[in-house]
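Enquirer: After the structure tokens below, expect a handful of questions from me.
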Amino acid sequence: MKIFNTITSTDWMIFWMKGLELSFFFKYLALRQFPYPMKKHAFVLSLFFGLFLFVTNSIAQEIKWGKEGSTYFSAVKNEIFKYTLPSSEGQLVLSAAQLTPKGQKPLTITDFTFSQDEKKLLLYTNTKSVWRLQTQGDYWVYELETGQLKQVGKSLPESSLRFAKLSPDGSQVAYVSEFNLYTENLTTGQITPLTKDGNRKLINGTFDWAYEEEFACRDGFQWSPDSKRIAFWQIDANQIRDYFMINTTDSIYSQIIPVEYPKVGESPSPAKIGVVDLSTNQTTWLNIPGDPQQHYLPRMEWNSPELLLVQQLNRKQNHSKILGVNVKSNVVNLIFEEQDETWIDVLSSWENSYGLTYRHEFKWINAGKEFLWFSEKDGWRHLYRIDLTGKVTPVTHGNYDVINLLHFNEKENLLYFHASPDNATQKYLYKAKLDGKGTPERVTPADLSGTHSYVISPNGKYGMHQFSNSYTRPASEWISLPKHQALDPSQSIASKLPKNQGEKTVEFFKINTADGTEMDGWMVKPKNFDATKKYPVLFLVYTEPWGATVKDNFGVGRNRNYQGDMAEDGYIYISVDNRGTPAPKGRAWRKSIYRKIGRLNISDQAEAAKQISQWDFVDPTRMAVWGHSGGGSATLNLLFQYPGLFQTGISLAAVANQLTYDNIYQERYMGLPQENREDFVKGSPISHAKNLRGNLLYIHGTGDDNVHYQNAELLQNELIKYNKQFQFMSYPNRSHSISEGEGTTKHLQTLYTNYLKQHCPPGGRPF
């Protein structure tokens, strides 16, 4: 079945927007060679948004590798199949009938995990959303030897369980329900509460809104390797004020929805880590030094049954410590620390591709005596080996960035990673020696220019390779490594290229700021372009450290909010990545925006727009700009700080006042307002609203838990104050994505398109 070749993407903006989660689709990739009947159209619809958001980290979470490293498991239509490489032949492991509880319908499988001995299967189903993802639901255990299917946590509220995990010895399962942590004996069915004090403000085994949103921390507990202890986070949000969202549409009386949300300048929720001894059910709280209300604990992992490693990050997120804690003696030792003048990234990849089962992990080597660690201390993002005494050994080096680590093999002294030393808009597979010697080698074939993503098998012999560029639809293949050869030549990317490639409509270009900084951009010209005419330009902006817009992958240059074909209608569509965006261009590029959000990024964009406005075929009287989230903020700032440069702007879900956003994100990139409040004020659109000239369409969802609706009303008040006319559209109870509810997407597209055409008319005009 070759459905993947027929799917077209919508707009990559869904990926760029901060706060929107990536879709998962790896589990469907196996279907390419799997002769199982299914309805094509239903399948395509389920994949439509997931396919073009293919990112390595998300894939890695979905594939379930077997112990030997050459097999993997996948859920297909609520059945479990096993695939063996290199043949990729599928074998039914569990049928829908076997996964059907007595007297009920077959389980709808959202996720599954095997026990370490592969004798038990933990199934996740009946899910509900908790903020971004479906992280709450029901769990079932299937005994492969006996064929017994049993629900765990049955006495607890329906769809209330989170992050259930089998113990390493397979005898128990642990989970969170309603902010408390439980274990359940799989033989006796006995449920034992490990905490009893949990509530919305005292959170055990999971995290609050800010930790989840900004650190990707969701799963908040871990089994010890010997199954005798559980380590877990406790977040105390009692001192965090609630932001109240109001639902006025689902009842004749309004409903208040509280969100514990620490605004910038407010102290974080104190976090601590407890270790429960399951023989006594006694909890020992780790003696982590410092004020817990001025630090974060984003990472924790067992090294051995007696040793936990914990990452502690100060509030400004520019001082990181790796602590080793002996859980028996509760003695804490400093293993490694690092400081930066700006901030230290916690996420393992700038692609922000964390998902349902994502967890910050230590990559252990040398039998647990060392771990691999990212640092930018030499000006580039590189990998280092750090041993438990704190000794640091460089692994990668040179004037390039390691985008993310994919695989390492100690026996072969080898590691694989993504990088793109020569073109920041692209991504390739590289290999290097684990001991740090020699020069990295590119593994991706030289004739495939664009963006490549890989998932590599645990034994390092095979990889799932996905490729696209601006004119080539995503294609995938299984390959052997290190030679990068397709396992099935008939299903190789090379064999699909002719039918996957379309017209080269996207042009990449570079533009320089006054101080000589080079920025990447892309442009889509109108169809039937006539160089003797001048055309209107629409700029797409995001501009913040959370995402880049200029990437050579499929979907770039498409506008999800425009009804119709912008090129056909006669628009030039452009986007430029300014300094501060997460591109593999070195630390100086990325960190230059520190304390300058709303200023440096805006001046870079304005300078690019001024230069573009002078191009012969550009009509400087018809220039528009739009963006969502951080891009919405940039749109406002461009209109307000550079009045007249753009005649029209469309801003969605914007942060109008940086002092309203959450503390983790804003303080990471801007510092503490108690120390440099003027930077927040100068970078906020609301401070410059009085300068508005031209046309503004301003859009926000009232149910936005990420960028609160208050931003819209605060900015409206300021615009009203100065008699600045604008058009505003609120979407009741819609979240940050403005996507929920019948008719919402079509309505937003219609509004967006009509406004653009009215105030920035399409089509070429003679000189």
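The values are calculated or read from the model by the stated rules, or taken from the named source; none is laboratory data. What you are looking at is a predicted structure, and each value in this text was computed from that prediction instead of being measured. Counting neighbours? That spans all protein chains shown, and the Cβs are built from the backbone with ideal geometry, glycine included.
Enquirer: If residue 561 satisfies all but one of (1) surrounded by fewer than 23 Cβ atoms within 10 Å (Cβ to Cβ); (2) more than 22 Å from the chain's Cα centre (by Cα); (3) not in a strand (DSSP E or B), what's the number of the condition it fails?
Expert: Among (1) surrounded by fewer than 23 Cβ atoms within 10 Å (Cβ to Cβ); (2) more than 22 Å from the chain's Cα centre (by Cα); (3) not in a strand (DSSP E or B), the lone unmet condition for residue 561 is (2).
Enquirer: Need a quick list: strands (runs of 3 or more DSSP E) entirely within the stretch 230-313 having at least 2 residues that are under 16 Å from residue 333 (Cα atoms) and in contact with a strand residue (DSSP E or B) (Cβ under 7 Å, 6 or more places away or on another chain).
Expert: Per the criteria, 295-304.
Enquirer: Among the listed residues 581, 517, identify the single one that is among the hydroxyl-bearing types (Ser, Thr, Tyr) and touching a residue at least 40 places away in the same chain (Cβ under 8 Å).
Expert: Just one listed residue meets the conditions, 517.
Enquirer: Shifting gears a bit: Checking residue 342 against (1) polar (S, T, N, Q); (2) modelled with pLDDT under 95; (3) out of contact with any strand residue (DSSP E or B) (no Cβ under 7 Å at 6 or more places or on another chain): exactly one of these is not met. Which one?
Expert: (2)
Enquirer: Let me ask something else. Across the stretch 444-454, which residue is modelled with the lowest pLDDT among those that are in contact with a strand residue (DSSP E or B) (Cβ under 7 Å, 6 or more places away or on another chain) and surrounded by fewer than 24 Cβ atoms within 10 Å (Cβ to Cβ)?
Expert: Only one residue fits best here, namely 448.
Enquirer: Cβ contacts < 6 Å: first residue touching a residue at least 12 places away in the same chain (Cβ under 8 Å), restricted to the stretch 136-158; second residue among the acidic types (Asp, Glu), any location; separation 6+ or different chain. Result?
Expert: Close Cβ pairs (under 6 Å, with a partner that is among the acidic types (Asp, Glu)) amount to 152/184.
Enquirer: Tell me which residues, restricted to the stretch 454-491, are in contact (Cβ under 8 Å) with a residue 12 or more places away in the chain and among the small types (Gly, Ala, Ser).
Expert: Selection gives 457, 460, 463, 468, 470, 475, 476, 480.
Enquirer: Which residue out of 686, 664, 650 is farther than 24 Å from residue 242 by Cα and either among the aliphatic types (A, V, I, L, M) or touching an Asp or Glu at 6+ places or on another chain (Cβ under 9 Å) (or both)?
Expert: 650
Enquirer: Yes or no: residue 634 part of a loop (DSSP other than H, G, I, E, B) and under 21 Å from residue 737 (Cα atoms)?
Expert: Criteria not met by residue 634.
Enquirer: Among the listed residues 398, 390, which satisfies the condition of being exposed (fewer than 15 other Cβ atoms within 10 Å of the Cβ) and out of contact with any Asp or Glu (no Cβ under 9 Å at 6 or more places or on another chain)?
Expert: 398
Enquirer: Another question, then. For the stretch 737-747, how many residues meet the condition of being out of contact with any Leu (no Cβ under 8 Å at 6 or more places or on another chain) and buried (at least 19 other Cβ atoms within 10 Å of the Cβ)?
Expert: Residues meeting the conditions: 0.
Enquirer: May I ask you to list the residues in the stretch 596-641 that are surrounded by fewer than 20 Cβ atoms within 10 Å (Cβ to Cβ) and of a type in the set (Lys, Arg)?
Expert: Answer for the stretch 596-641, where residues must be surrounded by fewer than 20 Cβ atoms within 10 Å (Cβ to Cβ) and of a type in the set (Lys, Arg): 596, 599, 610.
Enquirer: Could you list, ordered by first residue, the pairs with Cβ atoms under 8 Å in which the first is in the stretch 607-620 and assigned to a loop (DSSP other than H, G, I, E, B) and the second is among the hydroxyl-bearing types (Ser, Thr, Tyr), at least 6 apart or interchain?
Expert: 617/535
Enquirer: I would also like to ask the following. Determine, yes or no, whether residue 403 is at pLDDT 95 or above, under 28 Å from residue 594 (Cα atoms) and assigned to a loop (DSSP other than H, G, I, E, B).
Expert: no
Enquirer: I'm trying to understand the selection: among the residues of the stretch 293-314, which are surrounded by fewer than 19 Cβ atoms within 10 Å (Cβ to Cβ) and out of contact with any Leu (no Cβ under 7 Å at 6 or more places or on another chain)?
Expert: Within the stretch 293-314, 293, 294, 304, 305, 306, 307, 314 qualify.
Enquirer: Look at residue 370 and say whether it is over 24 Å from the mean Cα position of the chain (by Cα), farther than 30 Å from residue 412 by Cβ and not hydrophobic (A, V, I, L, M, F, W, C).
Expert: No, not satisfied.
Enquirer: On to the next question. Of the conditions (1) more than 28 Å from residue 341 (Cα to Cα); (2) within 30 Å of the chain's Cα centre (by Cα), residue 663 satisfies every one except a single condition; which number is it?
Expert: (1)
Enquirer: Also, I was wondering about something else. Just to be sure, is residue 439 more than 21 Å from residue 69 (Cβ to Cβ) and surrounded by fewer than 21 Cβ atoms within 10 Å (Cβ to Cβ)?
Expert: The answer is yes for residue 439.
Each row is one residue, and each column tells you yes or no for (1) modelled with pLDDT of 95 or more; (2) under 30 Å from the mean Cα position of the chain (by Cα).
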residue	(1), (2)
474	yes, yes
511	yes, yes
515	no, no
532	yes, no
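Enquirer: Within the stretch 86-130, track down each residue that is of a type in the set (A, V, I, L, M), part of a loop (DSSP other than H, G, I, E, B) and either touching a residue at least 24 places away in the same chain (Cβ under 8 Å) or within 28 Å of residue 461 (Cα to Cα) (or both).
Expert: 99, 107, 109
Enquirer: Can you name the residue in the stretch 336-364 that is buried (at least 18 other Cβ atoms within 10 Å of the Cβ) and hydrophobic (A, V, I, L, M, F, W, C) and, of all such residues, is nearest to residue 594 (Cα to Cα)?
Expert: 343
Enquirer: Quick check on residue 246: is it surrounded by 20 or more Cβ atoms within 10 Å (Cβ to Cβ), over 23 Å from the mean Cα position of the chain (by Cα) and either of a type outside the set (Ser, Thr, Tyr) or closer than 19 Å to residue 177 by Cα (or both)?
Expert: No, not satisfied.
Enquirer: Which of (1) over 30 Å from residue 307 (Cβ atoms); (2) touching a residue at least 40 places away in the same chain (Cβ under 8 Å); (3) in contact with a Pro (Cβ under 9 Å, 6 or more places away or on another chain) is the odd one out, the single condition residue 416 does not satisfy?
Expert: (1)
Enquirer: Select the strands (runs of 3 or more DSSP E) contained entirely in the stretch 439-481, then report the ones holding at least 2 residues which are touching an Asp or Glu at 6+ places or on another chain (Cβ under 8 Å).
Expert: Here the list reads 462-469, 472-480.
Enquirer: Now for a different question. Over 30 Å from the mean Cα position of the chain (by Cα) and of a type in the set (Gly, Ala, Ser): which single residue out of 205, 198, 137, 170 fits that description?
Expert: 170
Yes/no per residue for (1) over 19 Å from residue 613 (Cα atoms); (2) of a type in the set (Phe, Trp, Tyr):
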{"site": "530", "(1), (2)": "no, no"}
{"site": "539", "(1), (2)": "no, yes"}
{"site": "550", "(1), (2)": "yes, no"}
{"site": "554", "(1), (2)": "yes, yes"}
{"site": "564", "(1), (2)": "yes, no"}
{"site": "577", "(1), (2)": "no, no"}
